[in-house]
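Asker: First the structure, then my questions, so here it is.
Quick note: the coordinates plus some simple rules give every number you see, no bench work behind them. Keep in mind that this is a model prediction, so the values were computed, not measured. A quick note on method: Cβ atoms are made from the backbone with ideal geometry, for glycine too, and the neighbour counts reach across all protein chains shown.
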Amino acid sequence: MKKSIWFIMAITVFLGLSVAVWYTTDDEEEIAASVSVAEAMGGGDQEGYLRATGPREFVFPEDHGPHPGFKTEWWYYTGNLFTEDGRQFGYQFTIFRSQLNPPTEVKDDTASGSDWNTNQLYLGHFAISDVKNKDHIFEERYSRGAAGLAGAEIEPYRIWLEDWEIVRNNTSQSDDKSFPVRIIAETDGKVSIDLSVNPVKPLVLQGEEGYDIKGSGEGNASYYLAFTRMDTEGVITKDGEQFEVSGASWMDHEWSTSALDESQEGWDWFSIQLSNGYDLMYYQLRNNDGSASQFTTGSLVDPEGKKTTLNPEDVTIEVLDRWKSPHTGSEYPSEWRMEIPKKDLTLDLATLFDDQEMAVSVQYYEGTVSVSGSMNGEDISGNGFIEMTGYEED
C-alpha cells in the first residue's frame, strides 16, 4: 500500500507528512509551497487533479514511470538481505512525488526561462536495520523536481533525488526497458547501499486489476502495482565496513489523489515472503475508533505469480505485544498472530528488534519482521516488513 508511503505510500495517514519546497520565479520572488501527504491521501483540495475512479489498462514501460496530474505517487522498495555467514540487514528505500498544484493551474515553466520553476516535489526515505546490532539508521531528504535535482523518467528508466536513485541496470541482458534496476543511496556518511534488484515473479496488479479502493468516497483509491519477490544482491556499507549481501526485495508503485476517508486514522501493512514460495500482502486500515475498516484488503501470490485476493473476513490478526517509542512516545504493535483459514495459513510475526521507527517529518514505523508458522499442515518460515501509521501520541 504505501508505502508508503506511496502511501505513501500510501502514504498517509501514512505519513501525515508535511514538507516545504521553495522555488524562485523570474523576479526572484520566493514562494513557499507546502504539501501534506495526509491531506493528499485523505482529502484536501482535489479540484483539478486526476483521480483513480475505476480500473484502467496499464501500458509498460510508461506506467513504471511518473503520473503527473495525480497529487501523490511513490516508488517503494524494502528487502531482507544476508551476508554469507548469515548476518541480516533490512532496508527501505522510497522516493515520493508530490504535485503542488492541479494540472489546470500549471503554467508553462519553460516560458519563464527559468530551470528552477516546478510543480513537482520529490521526497525520499532511506533506512537500514542492522539486526545483529539492533541498529536502525535512517535519513529523509527532499528537493524540487527541477534543474536535474530530482525527477522520474521512462527511457532511460530512472527515478532519482539528488544522488539517490532507482535506475535501469544496464549490465542486464533483459529486454525489459525498466527492470532489473540498480538502487543507490547513502546517508550522511553512516550507511550506503548499491544493490541490483531483479523480479523473479510477474508484476502483481493489487486490488481490482490494479485499482485499489481505500475509502467510500468517489476517487478514494489508488493505482497499485507490485513486484512481490525480487532477487537482490550487492553491497551494504556501514561505518566504513562493506558487506556483500543477497536476499529478496519487494517493490510497490502507487499513485493517487485522495485515498483515505476522514474516519480512517492509519494502517498496518504487511509484506511477507514465505519459504514455500508464497508472498503475502495485507494492509489493515484502522478506523478512528480502532476497528478495522471495511476497505481492508490483501493478496496471496503463489509461487507461479497467481494472485488470490483477501478480504477482511478472510483474515484475523491478534496483537500479542507492543513497544513504546522512547523518541516520540508512540506505542506500536510488535508481535502478531495472523490466521487465514481458507488457505490453512497461520503465521506468527514479530519485529526483529523494537526500535525501527522512522522519526522523520512525522513519524511512522517501518521495520523488518520474523516469520514462522504453518500452511496446509507444513511448517514454514519467511521474512517480511511491517509499516504502521497513525500511532502518533495524542
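Asker: Excluding V204 itself, what net charge comes from residues whose Cβ is under 13 Å from its Cβ, given Lys and Arg +1 and Asp and Glu -1?
Answerer: -4
Asker: Same structure again: Just to check I understand the Karplus step: with θ = phi - 60° and J = 6.51 cos²θ - 1.76 cosθ + 1.60, what whole-Hz values come out for region 190-203, glycine and proline as x?
Answerer: 9, 9, 8, 10, 9, 10, 9, 10, 10, x, 10, 10, x, 4
Asker: Let me ask something additional. Under 19 Å Cα-Cα from K343, which aspartates and glutamates qualify once same-chain neighbours fewer than 8 residues away are excluded?
Answerer: D279, D302, E304, E313, D314, E318, E378, D379
Asker: What are the equivalent ellipsoid semi-axes of region 18-388, built from the alpha-carbon gyration tensor (square roots of five times its eigenvalues), in whole angstrom, biggest first?
Answerer: Values for region 18-388, descending: 32, 25, 21 Å.
Asker: Rounded to the nearest 0.05, what FRET efficiency is calculated for D188 and T309 with R0 set to 35 Å and r the Cβ-Cβ distance?
Answerer: Values: r = 42 Å, r/R0 = 1.20.
It comes to 0.25.
Asker: Hey, another quick one. Scan region 297-340 for GluC sites (Glu not before Pro) in coil per DSSP, keeping those whose Cβ has at most 11 other Cβ atoms within 10 Å, and list them by number.
Answerer: Answer in residue order: E304.
Asker: Want the number for S172 to E262: 0.36 nm per residue separation, take away the alpha-carbon distance, what's left?
Answerer: 27.9 nm
Asker: Same structure again: Quote the charge dipole size of region 18-388 about the Cα centre in Debye, to the nearest 20; the model charges only the Cβ of Lys and Arg (+1) and of Asp and Glu (-1).
Answerer: Computed charge dipole of region 18-388: roughly 620 debye.
Asker: Still on this structure, please answer the following. Sorted by average packing, counted as other Cβ atoms within 10 angstrom per residue and highest first, what order do 117-127, 166-176, 48-58 take?
Answerer: 117-127, 48-58, 166-176
Asker: When the Karplus curve 6.51 cos²θ - 1.76 cosθ + 1.60 is applied with θ = phi - 60°, which whole-Hz ³J(HN,Hα) does each residue of region 212-221 get, with x for Gly and Pro?
Answerer: Listing the rounded values in order: 10, 7, 10, x, 7, x, 4, x, 7, 7 Hz.
Asker: Still on this structure, I have one more. Residue-wise, which Karplus ³J(HN,Hα) couplings in Hz belong to region 168-175, taking 6.51 cos²θ - 1.76 cosθ + 1.60, θ = phi - 60°, and x for glycine or proline?
Answerer: So the J values, rounded to whole Hz, are 4, 7, 6, 7, 7, 8, 5, 7.
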